[in-house]
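Written out below as structure tokens is the structure these notes cover.
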Amino acid sequence: MKYFILFGPPGAGKGTQAKLMADKYNLHHVSTGDLLRKEIAKGTELGLRAKSLIEGGNLVDDSIVIAMIENEIGSHPEVNGFLFDGFPRTLEQAGSLEEMLDKRGQSIDKVISFIIDDDLVCRRIQNRANIEGRKDDADMNTIRNRIDTYHRKTEPLIEYYKQKNKYHEINGEGKIEEIFDCVCKLLD
Ligand code: AMP
């Protein structure tokens with residue numbers, strides 16, 4: 001089993017690239033944001049807890065997302081590997097992921113980081129709000145909080161994965177196909 005992490009701020013294009021990668025390499029795409037939105041749509045207790053945090057642009061508790069990931073990697077034996085999109089987002093989550101994989105005698109293969117300017121991120125998220133109708137994409141304060149949370153809590157993971165020699169950067173500001181070409185070069 002291969003394990004890849006797609007890294008970058010909200011709106012960097014992780015979800016778009018993940019879908020292309022999942023198809024081409026038979027990987028299971030795991031988006032913690034999508035999983036949480038499904039729980040909200042189903043009206044579960046977990047969904048209720050996550051809703052206000054997501055709509056405020058804050059992170060959901062580490063224990064919740066870690067349990068979700070454990071559940072995902074325990075299923076889907078049919079795929080070549082897993083593609084994490086939006087996870088891990090904290091050092092705590094990265095540590096738990098490492099332990100989880102270690103127990104299986106496995107590890108992260110590559111972290112692919114999409115580099116994109118904050119202003120472009122803002123514009124892309126506002127644009128996506130009209131297409132996907134996500135509440136957390138529609139409010140400027142929420143967008144700013146998500147970007148700020150990314151810088152404070154998620155960016156420290158860059159150093160964490162650099163030290164493990166797993167970190168790779170790709171320019172995330174180009175066209176979808178150009179970015180996908182770079183991703184493929186990294187994976188092939
Ligand atoms: P995303 O779809 O990845 O942009 O995630 C949307 C929202 O879901 C985030 O702003 C967080 O509130 C929550 N979320 C998604 N993934 C995580 C995670 N790994 N840790 C904590 N919260 C998360």
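Summary table
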read-out	value
Per-residue ³J(HN,Hα) for region 174-186, Karplus 6.51 cos²θ - 1.76 cosθ + 1.60, θ = phi - 60°, Hz, x for Gly and Pro	x, 7, 3, 5, 5, 5, 5, 4, 5, 4, 4, 4, 6
Listed residues THR32, THR16, THR44, most fluctuating in the chain (Gaussian network, C-alpha, under 10 Å)	THR44
Stretch in the chain that is longest and holds no trypsin sites (Lys or Arg not before Pro) that DSSP places in a loop and that have at most 13 other beta carbons within 10 Å	1-103
Amide proton proximity set for SER113, modelled H, under 5 Å, gap of 5+	PHE7, HIS168, GLU169, ILE170
Along principal axes, Cα extents of region 78-186, largest first, whole Å	43, 31, 30
In Hz, Karplus ³J(HN,Hα) per residue of region 138-144 (6.51, -1.76, 1.60; θ = phi - 60°; x = Gly, Pro)	8, 10, 4, 5, 5, 4, 4
Dipole of the chain, positive direction: furthest Cα of HIS151, GLN106, HIS28, with charges on the beta-carbon	HIS28
Pair GLU169, MET1: separation of 7 Å Cα→Cβ label points (nm)	3.1 nm
Difference of contour (0.36 nm per residue) and Cα-Cα distance, MET140 to ASP181	11.5 nm
Kirkwood hydrodynamic radius of region 2-179, from inverse mean 1/r over distinct Cα pairs, in Å	16.6 Å
Per-residue [θ]222 nm for the chain (sum of -39500 (n - 2.57) over DSSP H runs n ≥ 4, rounded to 500)	-17500 deg cm²/dmol
Simple Cβ-charge dipole of the chain, Lys/Arg +1 and Asp/Glu -1, about Cα centre, in debye nearest 20	160 debye
Calculated FRET efficiency for the pair ASN26/ILE115, C-beta based, R₀ 22 Å, to 0.05	0.25
Spin-label model distance (nm) - LYS103 vs THR16, 7 Å beyond Cα toward Cβ	3.7 nm
HN-Hα J in Hz across region 88-93 - Karplus 6.51, -1.76, 1.60, θ = phi - 60°, x for Gly and Pro	x, 10, 9, 4, 4, 5
For region 103-167, alpha-carbon Rg and Dmax in angstrom	15.3, 43
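Each reported figure results from applying straightforward, stated rules to the coordinates on display, with no laboratory input. In this text, all values refer to a predicted model and were calculated from it rather than measured experimentally. Cβ sites come from the backbone with ideal geometry, for glycine too, and all protein chains shown count toward neighbours.
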